[in-house]
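The values are calculated or read from the model by the stated rules, or taken from the named source; none is laboratory data. All values reported here derive from a predicted model rather than from experimental measurement. Positions of Cβ are backbone-derived with ideal geometry, glycine not excepted, and every protein chain shown enters the neighbour counts.
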Amino acid sequence: MTALYETDLAYVHHTGFGDLARGAAPALLAMLKEAGIGKGGHVLDLGCGSGIWLHALARAGYETTGIDGSPALLAMAHRHAPRARLIDGSVHAIALP
């Protein structure tokens, strides 16, 4: 299967839509806290893209796993969230952690 997001499109996705993830992160972190999922919890990000949300989670003290089918986006995610466990594949075809 050919990756849907190769290097150029991964860059466009990250730069064009990254502000959405950055802007949503504070509210999502507050929702986790309200749900009793505090620092040290493990968050699984399905379709993690370039890792912006993984980065916000890690800064807030969460353990993170990201899944994406694009090696180019996962390479970006590795740069943004180097401690995240990253899985290359479809959420439909792998066993979720």
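Couple of notes before you dig in:
- Region 58-80, residues that are crowded, with 18+ Cβ neighbours inside 10 Å and part of a helix (DSSP H, G or I): 58, 72, 73, 74, 76, 77, 80
- Residues located in region 53-74, provided they are among the small types (Gly, Ala, Ser) and free of Cβ contacts under 8 Å to residues at least 40 places away in the same chain: 56, 58, 60, 61, 66
- Flag for residue 94 being in contact (Cβ under 8 Å) with a residue 24 or more places away in the chain, out of contact with any Pro (no Cβ under 6 Å at 6 or more places or on another chain) and either β-branched (Val, Ile, Thr) or buried (at least 19 other Cβ atoms within 10 Å of the Cβ) (or both): yes
- Residue match in region 24-45 (condition: out of contact with any strand residue (DSSP E or B) (no Cβ under 7 Å at 6 or more places or on another chain), at pLDDT 95 or above and assigned to a loop (DSSP other than H, G, I, E, B)): no
- Residues that are surrounded by 13 or more Cβ atoms within 10 Å (Cβ to Cβ), in a helix (DSSP H, G or I), at pLDDT 95 or above and in contact with a helix residue (DSSP H, G or I) (Cβ under 6 Å, 6 or more places away or on another chain) are absent from region 81-90 altogether.
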